[in-house]
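First comes the structure, then the notes that go with it.
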């Protein structure tokens, strides 16, 4: 179990996908540039089997902004895009309407 205090440490923010590239060392990963309004971040996401690059560019997504950077198959990921998965595949979590970039998700 995660305590509520630990959960509150996570920063969920709205970002817009600006660029999507194939990961050089992984078939199922994309290297994605997201815009948080005042800065951009690079995120590695395992959503390649569920989305084409052109479907993602311009979409607003929810990211975990304050994760410690991690190396995923040799490429740094500076956050995480939230997504759900079921028997039909992966579905990214998107705001119901356009919101200001860097908005806090509560």
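Read-outs: derived from the displayed coordinates by stated rules, not from any lab. Fair warning: this is a prediction, and the values are worked out from it, not measured in the lab. Positions of Cβ are backbone-derived with ideal geometry, glycine not excepted, and every protein chain shown enters the neighbour counts.
Quick look at the numbers
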| quantity | calculated |
| --- | --- |
| Difference of contour (0.36 nm per residue) and Cα-Cα distance, residue 8 to residue 71 | 20.2 nm |
| Rounded if a/c under 1.5, otherwise prolate or oblate - the stretch 30-81, Cα gyration tensor axes | oblate |
| Cα gyration tensor shape for the stretch 46-105, rounded if a/c is under 1.5, else prolate or oblate | oblate |
| Full-stretch length increase - residue 82, residue 105 - with 0.36 nm per residue and alpha-carbon distance subtracted | 7.1 nm |
| Listed residues 93, 32, 17, most fluctuating in the chain (Gaussian network, C-alpha, under 10 Å) | 93 |
| Residue 53 versus residue 38: modelled label distance in nm, points set 7 Å from Cα along the beta carbon direction | 3.1 nm |
| Prolate/oblate/rounded label for the stretch 1-70 (Cα gyration tensor, a/c 1.5) | prolate |
